Amino acid sequence: MEYTVQPAKAVKGEMVVPGDKSISHRSIMLGSLAEGQTRVTGFLRGEDNLATLNAFRAMGIDITDDGTTLRISGKGLRGLSEPTDVLDCGNSGTSMRLMAGLLAGQSFFSVLTGDQYLRRRPMKRVIEPLARMGGTIFGRSGGDRAPLAIVGRPLAGISHHSAVASAQVKSALMLAGLYAEGETTITEPHLSRDHSERMFRYFGADVASFTGGVTVRGGRELQGRDIIVPGDISSAAFFIVAALIVPGSELLIRGVGVNPTRTGILDILTAMGGDIQLLDCRDLSGEPVADILVRASRLRGVEIGGDVVPRAIDEFPVICVAAALADGQTTLRDAHELRVKETDRITAMAKNLCRAGVAIAETPDGMVIEGAGRIDGCRAESFGDHRIAMSMLVAGLAASGEVTVDDVECIGTSFPDFIPLLQKVANS
Ligand code: S3P
């Protein structure tokens, strides 16, 4: 299905965005491994998170959903049972990589697969350190591609330095670490999102964060907890950029998670001249939350690189749109990871923005965008990637003509109500 966006007169009003995808995944996983009940409100019912939910149901965990609250009847660290079929992670890299870690230390066999996009993504980054812990995991392409077959084994803790700042790698090893003998320590070049560290602590795991890494000590049981999932800043990002780039806009987004490991988007857009205010900062189940007020702003090009990159890793497609509408050049460096997301997001955005008349050049680890304050109407491709589709729909609000995006079904992986919400706040 394709969808067409017309240029908007303004983006106005108040809204909430759906729950955080990363926290929603982790709430199912830790809730299932804990003793007793975990209640989750604000859970994101997108396809990625439902893949995780279904996998834990398939491993014998009772999870009910009354439409408001999920109730997970945790069975403790050793309570999962062998699934009778392959576990399908759909498009979700987080489901696959994190579950690879936690399944490596079980006493049963399991197989993880995913859709055509996920089966192309690199898995060695988790499989290799898990093998050093004693994990036995087989995959295609010498163990680098799913499907993955996991023969559960007793694990031993290791120290691992990840070459990439990746919360998925870190979290996979932390989950394996719950089952390992001794300590599991993971260090990374820059701090990636720390939702696992926070939630492990919240559930009572033996975990210690230090500058540059985290240590988990295995064996301690987790206790079921109540979790309120904040709004996903990665979903809010599309609306933040929309309100900045459409003149005359003013938008209040309530209840958004503003964990400092996720707010790179706010730092980058503020450096570009964006008028963004955080109001009513508070804490929900160990995570910082705020309301975000955004007003249309004249943006300027900036240089982006270094430790802000992992803090904004999912937001670069929509940052490209802001950069195209800014005055002057924006340079992105140190973002090679974008090439191994749901699609190659550097190439995908370069192709789409080029069609919209933007001067944009790819580099191996980023891109250079010549902001000219203007985007033309165009036909854009989603490349099966939810964030590419949503970014180009946002571009359409500020373009000089309509923007049509093909194959927008993929938006359902993270933000099923994106289009109706966009229609609600964008005045044509
Ligand atoms: C995620 C980590 C990030 C991010 C993804 C969600 C997580 O991936 O891009 O959308 O929940 O841990 P990497 O760890 O590969 O950077």
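Checking the Cα-Cα distances for 75/170; 170/424; 170/341; 12/170; 21/75 against a 28 Å cut-off, the pairs over it are 170/424; 12/170.
Taking each residue as 0.36 nm, the span from residue 6 to residue 333 lengthens on full extension beyond its C-alpha to C-alpha distance by 114.5 nm. Amide H to amide H under 5 Å from residue 229: which residues, 5+ apart in sequence or cross-chain, H placed 1.01 Å off N in plane? Counting only residues 5 or more places away or on other chains, the set is 41, 42, 43.
Residue by residue, the range 282-298 carries 3J(HN,Hα) couplings of 8, 10, 10, 6, x, 10, x, 9, 8, 8, 10, 9, 10, 10, 3, 9, 7 Hz when phi is fed to the Karplus relation 6.51 cos²θ - 1.76 cosθ + 1.60 (θ = phi - 60°); x denotes Gly or Pro. Close amide H contacts of residue 106 (hydrogens built in the peptide plane, cut-off under 5 Å, sequence separation of 5 or more or a different chain): 153. Which residue fluctuates most in the GNM of the chain (Cα springs below 10 Å): 116, 106, 37? Result: 116 has the largest fluctuation of those listed. Between residue 124 and residue 81, the simple spin-label model (points 7 angstrom out along Cα→Cβ) gives 3.9 nm. A full extension of the chain between residue 278 and residue 223 corresponds to an added length of 16.5 nm, given 0.36 nm per residue minus the alpha carbon distance.
The GNM of the chain, with springs linking C-alpha atoms under 10 angstrom apart, assigns the highest mean-square fluctuation among 209, 92, 196 to 209. Peptides 410-417, 345-352, ordered by how many other C-beta atoms sit within 10 Å of their residues on average, highest first, read 345-352, 410-417. Set the Cα radius of gyration of the chain against 2.2 N^0.38 Å, with N its number of residues, and you get 0.95. Highest mean packing comes first when the peptides 272-284, 161-173, 384-396 are listed by Cβ atoms within 10 Å, giving 384-396, 161-173, 272-284.
Work out how much length residue 161 to residue 107 would gain on full extension: take 0.36 nm times their residue separation and subtract the Cα-Cα distance, in nm to one decimal.
So the chain would gain 16.8 nm between residue 161 and residue 107.
Applied to the range 197-211, the Karplus parametrisation 6.51 cos²θ - 1.76 cosθ + 1.60 on θ = phi - 60° returns per-residue 3J(HN,Hα) values of 4, 5, 6, 4, 4, 4, 8, x, 5, 8, 9, 9, 8, 9, 4 Hz, with x for Gly and Pro.
Once the Cβ-Cβ distance between residue 183 and residue 131 is put in as r, and R0 is 22 Å, what FRET efficiency do you end up with, to the nearest 0.05? The formula returns an efficiency of 0.75 here.
Across the range 34-45, rounded Karplus estimates of 3J(HN,Hα) from the backbone phi angles (6.51 cos²θ - 1.76 cosθ + 1.60, θ = phi - 60°) give 7, 8, x, 8, 10, 10, 10, 10, x, 4, 7, 8 Hz, Gly and Pro being marked x.
Each Cα pair under 8 Å and six or more residues apart adds its separation to the average, and for the chain the resulting relative contact order is 18 percent. Cα centroid separation, the range 264-322 to the range 150-164: 34 Å.
Only DSSP H runs of four or more residues enter the estimate; each adds -39500 (n - 2.57), and after division by the residues of the chain the mean residue ellipticity at 222 nm equals -9000 deg cm²/dmol. Give the calculated FRET efficiency between residue 295 and residue 417 to the nearest 0.05, with a Förster radius of 22 Å applied to their Cβ-Cβ distance. Once the sixth-power term is evaluated, E becomes 0.35. In the chain, the DSSP beta bridges split such that about 75 percent are antiparallel, to the nearest 5.
Quick note on the range 21-228: its Rg to Rh ratio, both from C-alpha atoms and Rh being the Kirkwood radius, is 0.93. Take every DSSP beta bridge with both residues inside the range 21-228 and express the antiparallel ones as a percent of the total, to the nearest 5. Counting DSSP beta bridges with both partners in the range 21-228, the antiparallel share is about 75 percent.
Which angle between 0 and 90 degrees, to the nearest 10, do you get for helix 386-398 versus the longest principal axis of the chain when only C-alpha atoms count? The answer is roughly 20 degrees.
Values quoted throughout were computed directly from the atomic coordinates according to the rules given, and no laboratory measurement underlies them. Since the structure is predicted, the reported quantities are computational estimates derived from the model, not experimental observations. FYI the Cβ positions are ideal-geometry reconstructions off the backbone, even for glycines, and counts take in every protein chain you see.
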